[in-house]
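The values are calculated or read from the model by the stated rules, or taken from the named source; none is laboratory data. None of these values were measured; they are calculated from a predicted model. We place every Cβ from the backbone using ideal geometry, glycine too, and count neighbours over all the protein chains shown. These area figures cover heavy atoms from the full protein model, side chains too; ligands, DNA and RNA do not enter into them. Shrake-Rupley method; radii C 1.70, N 1.55, O 1.52, S 1.80 Å.
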4 protein chains.
Amino acid sequence: MADRKSFGSDNHTGAHEAVLRAVIEANAGDAMAYGADEWTRRATAELRRAFRAEGDVFLVFNGSAANILGLSLLLRRHEAVICAESAHINTDECGAAERILGTKLLTIPAPDGKLTPDLIAEQLSARGDDHRAQPGVVAITQTTELGTCYAVAELRKIGDFCHANDLRLYIDGARLANAGAYLDCSLAELADCADVLSFGGTKNGALGAEAVVVMREPLSADAPYLRKQQLQLASKMRYLAAQFLALTEEDLWRRNASHANEMARRLAAGLRDVPGVHICFPVQSDAVFAQVDRRYIEALQRDWFFYVWDEKVSIVRWMTAFDTTEADVDRFVVSIRSIAEGAGPG
Amino acid sequence: MADRKSFGSDNHTGAHEAVLRAVIEANAGDAMAYGADEWTRRATAELRRAFRAEGDVFLVFNGSAANILGLSLLLRRHEAVICAESAHINTDECGAAERILGTKLLTIPAPDGKLTPDLIAEQLSARGDDHRAQPGVVAITQTTELGTCYAVAELRKIGDFCHANDLRLYIDGARLANAGAYLDCSLAELADCADVLSFGGTKNGALGAEAVVVMREPLSADAPYLRKQQLQLASKMRYLAAQFLALTEEDLWRRNASHANEMARRLAAGLRDVPGVHICFPVQSDAVFAQVDRRYIEALQRDWFFYVWDEKVSIVRWMTAFDTTEADVDRFVVSIRSIAEGAGPG
Amino acid sequence: MADRKSFGSDNHTGAHEAVLRAVIEANAGDAMAYGADEWTRRATAELRRAFRAEGDVFLVFNGSAANILGLSLLLRRHEAVICAESAHINTDECGAAERILGTKLLTIPAPDGKLTPDLIAEQLSARGDDHRAQPGVVAITQTTELGTCYAVAELRKIGDFCHANDLRLYIDGARLANAGAYLDCSLAELADCADVLSFGGTKNGALGAEAVVVMREPLSADAPYLRKQQLQLASKMRYLAAQFLALTEEDLWRRNASHANEMARRLAAGLRDVPGVHICFPVQSDAVFAQVDRRYIEALQRDWFFYVWDEKVSIVRWMTAFDTTEADVDRFVVSIRSIAEGAGPG
Amino acid sequence: MADRKSFGSDNHTGAHEAVLRAVIEANAGDAMAYGADEWTRRATAELRRAFRAEGDVFLVFNGSAANILGLSLLLRRHEAVICAESAHINTDECGAAERILGTKLLTIPAPDGKLTPDLIAEQLSARGDDHRAQPGVVAITQTTELGTCYAVAELRKIGDFCHANDLRLYIDGARLANAGAYLDCSLAELADCADVLSFGGTKNGALGAEAVVVMREPLSADAPYLRKQQLQLASKMRYLAAQFLALTEEDLWRRNASHANEMARRLAAGLRDVPGVHICFPVQSDAVFAQVDRRYIEALQRDWFFYVWDEKVSIVRWMTAFDTTEADVDRFVVSIRSIAEGAGPG
């Protein structure tokens, strides 16, 4: 990685200093293992309160694990999951949902990464036919893998549709903080429609910690055993808990996400009139997807790290983070502009 | 947990200060995610060197995960695992091996927790019978769940037997450090007989980190995908790697384990002639199993935390750790002695 | 196989002529596939009636499949199964329960193959501990793998214990017919204690057909999908159904089983005073287990086919079937007697 | 089902009389169970010979089971399967591949149901990326779910591409007989490109029996255990074997398939100029897919049974079988024509 700030991913960052401090403070003598400690008690209570969750909160190591645990609380043994084709569980978890849960993903092309009741309804036509995979859960991502954000009203419509159709709703909230910041709403408002959701710490300044939040009971009942079977029961769990204690204190999560979102908007704004650069989706979180003149990419990657999202159509993804500075963004914009100017008309 | 030192488990401790320091140092700006960082490169190279491993090293979050990943590298799809009845994978992982790997465990009663070629051989009689589960892997634990330790010659015999009988050998090394310290031998000597093994950091002073070491190639080939599917790919992996960098620097792992072992021996020695206390197994690591007069237990647990291992026969487990002090042990011994004296003849 | 009758297994027989006739009759032009045919409607209705089942009946191909489907209706995703060590699901299905259901079997040594509430209760001590596999289902076999038979009162006690302890009860009824014949009771009486059970046709004169009977609703709801996923949905299901129509007509199943049971009793009676032959278990179905002077076995196997059950203790299993004749038994007894006489004192 | 011949599926038929006769003949006294009988020996030897298979042949109960067993011989534990979106394993097996094998299906839209090396190549771009499911097997169907047939040269190209790219090739041959008949080639020619394939009996006149044919060794080695775990080991296997003995005798399979194919061609020919009826795909097996004026369908279904394949675009599937007669087809054509004439211009 170059010395310069990475625009590759919000998990290229280190940890927020408050998170690190909390971990150090938790390193205070002996504590009961496997979550029977005071830090875990406080962190999960705080998360339950913030989400207004009826059920319990379960800390796990990473985002894929949160998704698998969350889905496993909601799926009957034979059921399938409806999700967007671009969903992380479909594209970026190496087939973990199929391998660990044995579930089929019924995927829906969704140009902006967002599902709607109408799109979901199309997947229900084979219900009751024992040859066809039977959907039991709808999984959406907030904010989506394309940087877009469901409005609270959109979430409510999906939730209502699911509950009217014997579907349970799971939200992959690896970047839920960015949605809360973008929509300026509480975690409870974001979560209200869901049965279970995850809340990501890792991309928000943690060392590595995610929470699975159970909104409706009795869905918590099996979670401790499923978490253990899914290899997610931390023995020294206080160190996961401490990270969430830091992120929830005075809503650090919101400040971190707001800043990252603002940096993404600043980046998009800085590129608005650059020839050969076209912003693809509304910038509603910490990601900017842009279709970029192929000639720019190699030149730009000499100094900056970022991913080409779709080689075929020359779309790149630029991500900001809690620690991206205005200066980082501005220098990046300058680089792009200067490359674009040098390139001349395409 | 009482103010006093826990004798409950070596995972009731916090992290060693050198581990914490290494984590803090790794918090240095951006780094590639998912293990493509410098810390991971260095830590895995160091571990490969220390184990003289042909294959790669894969960092994971906890001991159950290390066991599952390790076994998954060795098992053909239909195969079963031979292990001791007391094996952690059988008793303490909530059925993860069956759930995640779909494998049957063929368990062998082993009074001291140790398998032998003869015990293993008894499990091979149904080979080739398609009604019977077919063993493909032998899993042993070093040091065992009962605090005993396989000698290097014993390991070699098991390894030779396995390889002569189309069985692969896995070692659950959650406490491999304690074995290295007890036997005063290198990690490479401990590992030589195995195809794959784990090396535990968590019980040795880490915040939470384990390594899966592949001794023979081409067994590494599928490991990256299996690790991801098994929910063990850390995005900010440098923080796992940093912990191992601390533990391997000047063999901190050995110093930690030696100290813990010594404290266990001190505890056992201090109790040698106490009436109503009978040490059950050779003390070869950081655990002391003792059959204790039932009347002592409740009194002792008022001030000290530890687990009753087997209620029926009144056996308790006392564990020390890298941070147990001589004073901790001595006060604990005094407590037991004074309770024993107060109790009078049983 | 020798020309003589096999005493190897009740599945060495062919099909009963009435079964074959029913299959031929079902070969009458087109019919809807996958069970939407008239034969299946009639056979499952007849079985529901005979078992007084609240739920539906699902036809499958073999006994292992019936067990797996039955258990899958009863197990929560994380749960384990309590069964006897000698249970077919534990010893003779190649680890299918672990592989297909991901469930751990918590096995109990049971000298006569029968569980009791006390034996089951011992497996419940770790409930609520997320490190330990959590039992959700008790699986018993009727008649057992050792040829013994639970009395109806014994079944009721187990059922009551299960339902009082949040356990569901499954009966592997591969030889349920033999129990009905031995106890001279109805299928409904045998099944009343259970949540789900299987009813075996194959060992009772079918070509190959088993039924999964759901006694309590809403346990049927997921069965069609689980049956399909478990590869048990027959396209031309009428041919499975026809077999059960034959077996249930005028209780052919009972006549077949009664005869087999009687032949086993005749065999045991004929051997009562033969030196070197000791009948091990009460003969309560179509199996005779005998500890036999090692010298007899090879001689006897020259002319007759049967299995050595346990080489170490020289126990053999002799099985009769619906088509074993008195003459078959008598000739077999004569063979054994003459070998015993020739052998002289052991 | 109406009295008239079903055009719903080739599994609406009964069994061919030769198949039934073979089953009756196999009902001859005792035989070893689980495939150690003479019928199984002969049938599998005959199939090995016909396919020129290096490996063994394994009989199973149905087509889904054959697919799952076949794939399980070819997939490494973490791997995914490339297949057409229309593949039976993707659409009609209730998610069995995901549930039983834990594998992800990487599906490719293929308008005529056929894959090509180019289409397969597009699925290989994420190889080596541990976030992405890794393809290990290509599964094609011959003849396809859309009634089309790969030419032998097309098969060879796919096979060559697979083997040059570390992919194994599986053929779902539920209707392989129809391909052999259509292409007028041997089973060995059809199978040569594959590593493993299935050969369907059920849709070709069997009561219910499919074969898994292993073309390359050592792929047979694990098959007995996987078959048992996958609930496909028939105890009275001679009755499965007898069906294949009948189908292979004087290539009855080919005569059955040729006739069915011819009836489909006759049907298509009869409809060529009917207004409002458009044949969608080349008729290369026993299926005719037609886009039909919506007004005809309900009227036609009053007297004839068949499935609407795609409601949205008004495509129906008409299937013939070994026992469809010219008169059946002609009456069906007359019905369609008369409805079309009555309907007038759409």
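Values for this structure:
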{"quantity": "Region D:88-153 shape via C-alpha gyration tensor axes, a/c threshold 1.5", "calculated": "oblate"}
{"quantity": "Percent accessible area from carbon and sulfur atoms, region D:228-308, protein chains only, probe 1.4 Å", "calculated": "48 percent"}
{"quantity": "Degrees separating the helix B:252-270 axis from the principal Cα axis of chain B, which is the longest one", "calculated": "30 degrees"}
{"quantity": "Cβ nearest the rotation axis (A onto D), residue from chain A and distance to the nearest whole Å", "calculated": "A:E98, 2"}
{"quantity": "Stokes-Einstein D (µm²/s) once Rh is taken as the Kirkwood radius of region B:172-213 over alpha-carbon pairs, at 25 °C in 0.890 mPa s", "calculated": "237 µm²/s"}
{"quantity": "Teacher prompt: C:R331 distances to equivalent labels in other copies, 7 Å Cα→Cβ, nm", "calculated": "5.3, 8.4, 9.6"}
{"quantity": "Directionally averaged projected area (convex hull, Cα atoms, region C:274-320), nm²", "calculated": "3.3 nm²"}
{"quantity": "Long-range amide H partners of B:A84 with built H, under 5 Å", "calculated": "B:I108"}
{"quantity": "Average beta carbon contacts from partner chains per residue of B:130-142, 10 Å cutoff", "calculated": "4"}
{"quantity": "Region B:157-309, Rg to Rh (Cα coordinates; Rh as Kirkwood inverse mean 1/r)", "calculated": "1.05"}
{"quantity": "For region A:66-179, Kirkwood radius (reciprocal of mean inverse C-alpha pair distance, Å)", "calculated": "14.0 Å"}
{"quantity": "Estimated translational D of chain D in µm²/s (Stokes, Kirkwood radius over Cα pairs; 20 °C; 1.002 mPa s)", "calculated": "103 µm²/s"}
{"quantity": "Between helix A:294-303 and chain A: long-axis angle, C-alpha atoms, 0 to 90°, nearest 10", "calculated": "80 degrees"}
{"quantity": "Spatially proximal lysines relative to C:K157 (Cα-Cα < 24 Å; intrachain offsets below 8 disregarded)", "calculated": "C:K114"}
{"quantity": "Where only C-alpha atoms are counted, convex hull volume of region B:253-346 per residue in Å³", "calculated": "86 Å³"}
{"quantity": "Rounded if a/c under 1.5, otherwise prolate or oblate - region B:19-126, Cα gyration tensor axes", "calculated": "prolate"}
{"quantity": "Volume of the Cα convex hull of the protein assembly as shown, divided per residue and given in Å³", "calculated": "182 Å³"}
{"quantity": "Cα-based helix-to-principal-axis angle, A:38-51 vs chain A, degrees rounded to 10", "calculated": "70 degrees"}
{"quantity": "Cα-based radius of gyration of region D:142-182 once divided by 2.2 N^0.38 Å, which approximates compact folds", "calculated": "1.20"}
{"quantity": "For region A:1-81, diffusion coefficient by Stokes-Einstein and Kirkwood Rh (Cα), 10 °C, 1.306 mPa s, µm²/s", "calculated": "98 µm²/s"}
{"quantity": "Of all DSSP beta bridges in the protein assembly as shown, antiparallel share, percent nearest 5", "calculated": "55 percent"}
{"quantity": "Fraction of antiparallel bridges per DSSP, region B:126-280 only, in percent to nearest 5", "calculated": "40 percent"}
{"quantity": "Within 10 Å of each Cβ in B:59-65, the average number of Cβ atoms from other chains", "calculated": "5"}
{"quantity": "Carbon and sulfur %, accessible surface of region A:1-77 computed with the full protein complex present, 1.4 Å", "calculated": "43 percent"}
{"quantity": "Label geometry 7 Å along the beta-carbon vector: B:K157 inter-copy distances in nm", "calculated": "4.6, 6.3, 7.3"}
{"quantity": "Surface per residue (accessible, 1.4 Å probe) for region A:30-95, Å²", "calculated": "31 Å²"}
{"quantity": "Nearest-10 value in Å² for the accessible area of D:D303, using the 1.4 Å probe", "calculated": "70 Å²"}
{"quantity": "Region D:1-65-region D:242-290 distance, computed between alpha-carbon centres (Å)", "calculated": "21 Å"}
{"quantity": "Accessible area, probe 1.4 Å, largest first, for residues A:E154, B:E249, B:E46", "calculated": "B:E249, A:E154, B:E46"}
{"quantity": "Distance from region B:135-175 to region D:149-227 (C-alpha centre basis), Å", "calculated": "42 Å"}
{"quantity": "Other protein chain Cβ atoms within 10 Å, averaged over every residue that makes up D:237-250", "calculated": "1"}
{"quantity": "Contact order relative to length of chain A, as percent, for alpha carbon pairs under 8 angstrom and 6 or more apart", "calculated": "25 percent"}
{"quantity": "Copy-to-copy label separations for C:D129, where each label sits 7 Å from Cα toward Cβ, in nm and ascending", "calculated": "3.3, 4.5, 4.9"}
{"quantity": "Global geometry of region A:166-253, whether rounded, prolate or oblate, following the gyration tensor of its Cα atoms and the 1.5 cut on a/c", "calculated": "oblate"}
{"quantity": "Probe 1.4 Å, all protein chains present, accessible-area order of D:I279, B:I140, largest first", "calculated": "D:I279, B:I140"}
{"quantity": "Loop trypsin sites (Lys or Arg not before Pro), region A:274-346 (other Cβ atoms within 10 Å of the site Cβ: 13 or fewer; DSSP)", "calculated": "A:K312"}
{"quantity": "Buried on assembly, region D:94-112 (at least 10 Å² less accessible surface than by itself, 1.4 Å probe)", "calculated": "D:C94, D:G95, D:A96, D:E98, D:R99, D:I100, D:L101, D:G102, D:K104"}
